[in-house]
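For reference, the structure is listed below as structure tokens.
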Amino acid sequence: MNLNHQTGITAEASSDASFILLDAVEGKEASLRQALASCPELICAVQNQFPDAQLHAAVGFSTHCFYRITQCEPPKELAPFPSFSGPFLSVKDEAYDLIMHIRSNRHDATHTLALTLFKAMSDSVKLRTQTQCFKYLDNRDFTGFVDGTENPEGEDRAAVALVGDEDSDYQGGSYLNYMKFVHDLEKWEHQELKIQEDTYGRTKYDNEEYASAEKSPHAHTKRTSLKDEQGQSLEILRQSMPFGDLHEQGLVFVSYSKTPVIFDLMLQSMIQGDEHGHADHLMQYTHASSGSAFYIPTPEFLKRLA
Ligand code: HEM
């Protein structure tokens, strides 16, 4: 699939990222439209300034502002983040309007692009929150396990992440799901290695997957390995990254998908569990109370907002 898309969606894992959540100021929609239309050109200009930085961006809208900003009917599946409640976690929609996911292999490049886009939007947006993320060891989460191993590779990344002709007006876009998990690392680090490995269904140091029969129904990889009625694997493209300071450490979870339904099913399977109530034991060691859902349009869609 060779659809023109914002490259922050499908590019390989980065070593630095910034996740920026914004609200669109009431009454400033026209100037925001102009700023969003200029984003593709601004992104190219900063990419040229840092040619070796693998600088990528994805800029998109939630259902809470899509029509107000774009004056277009929304993509077919754009909806608020789902609400789920289970033994370890309850989540609901955190209503942000816009997201900017900016990433590269140089913090100065990420920062320059974030600031350039934010300044272009100036007083038409209000900054709600920004999280700086970084590569930890060999792409490990702070729990010490490699994250992203089973992600789709090569051309499959676009096939999994990009909307196809099922929604022809929005082909080449992607549905992004965002959650910020804060870990209880003290609790996690008190667990024996075997318990940690059983929690994921993978080994820690050499990152081997357990045989299916060996996996607990509570294992994270069991709860998130879903199949459709024809037995085909349901897939998302994860672009999560660790964040941390001296106060808290965790993971910004981000996934891209051609439909948000797959993420919703995985999250439901993690939080509520299977038909016997087997919920994801990873959720005993980390916490998120909300999440947000966005649509990332093509660069052409943004340009047409002018
Ligand atoms: C697999 C970490 C949340 C979906 C994994 C793996 C790790 C991990 C270490 C195994 C290696 C791999 O990437 O394949 C985490 C952490 C999370 C988190 C630390 C939050 C604190 C989520 C959420 C979802 C999700 C919210 C989706 C709703 C998946 C999927 C896999 C996976 C689809 C691959 C399963 C497989 O096919 O084996 N995760 N994850 N994860 N995770 Fe997560």
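Derivation of every value follows stated rules applied to the coordinates shown; laboratory data play no part. Bear in mind the structure is a predicted one, so any value in this text is a computation, not a measurement. Note: ideal-geometry Cβ built from the backbone for every residue, glycine included; neighbour counts use all protein chains shown.
Descriptive notes on the structure:
- Tally of residues being closer than 23 Å to SER290 by Cβ, charged (D, E, K, R) and in a helix (DSSP H, G or I) across segment 99-130: 0
- Residue within segment 217-227 that is more than 15 Å from the chain's Cα centre (by Cα) and aliphatic (A, V, I, L, M) present: yes
- Residues satisfying the stated conditions in segment 49-98, i.e. part of a strand (DSSP E or B) and among the basic types (Lys, Arg): LYS92
- Here ASP97 meets each of (1) surrounded by 18 or more Cβ atoms within 10 Å (Cβ to Cβ); (2) within 16 Å of the ligand (Cβ to nearest atom) with one exception, condition (2).
- Hits in segment 198-220 (condition: within 11 Å of the ligand (Cβ to nearest atom) and of a type in the set (D, E, K, R)): ARG202, LYS204, GLU208, GLU209, LYS215
- Of all residues in segment 145-155, those satisfying the criterion of being in contact (Cβ under 8 Å) with a residue 40 or more places away in the chain and surrounded by fewer than 16 Cβ atoms within 10 Å (Cβ to Cβ) are GLY148, THR149, GLU150, GLU155.
- The one condition in (1) surrounded by fewer than 22 Cβ atoms within 10 Å (Cβ to Cβ); (2) over 17 Å from the mean Cα position of the chain (by Cα) that VAL125 fails to fulfil: (1)
- The set of residues from segment 183-213 being in a helix (DSSP H, G or I), in contact (Cβ under 8 Å) with a residue 12 or more places away in the chain and either touching a helix residue (DSSP H, G or I) at 6+ places or on another chain (Cβ under 9 Å) or among the hydrophobic types (A, V, I, L, M, F, W, C) (or both) comprises LEU185, LYS187, TRP188, GLN196, ASP198, THR199, TYR200.
- Evaluation of THR110 against the conditions (1) surrounded by 16 or more Cβ atoms within 10 Å (Cβ to Cβ); (2) in contact with a helix residue (DSSP H, G or I) (Cβ under 8 Å, 6 or more places away or on another chain) shows that the sole unmet condition is (2).
Listed here are the residues, each with its yes/no results for (1) surrounded by 15 or more Cβ atoms within 10 Å (Cβ to Cβ); (2) in a strand (DSSP E or B); (3) more than 12 Å from the ligand (Cβ to nearest atom).
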| residue | (1), (2), (3) |
| --- | --- |
| GLU229 | no, no, yes |
| VAL254 | yes, yes, no |
| LEU265 | yes, no, no |
| GLY273 | yes, no, yes |
| LEU302 | yes, no, yes |
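- Subset of segment 126-177 [farther than 20 Å from LEU246 by Cα, among the aromatic types (Phe, Trp, Tyr) and near the ligand (Cβ under 10 Å from one of its atoms)]: PHE145
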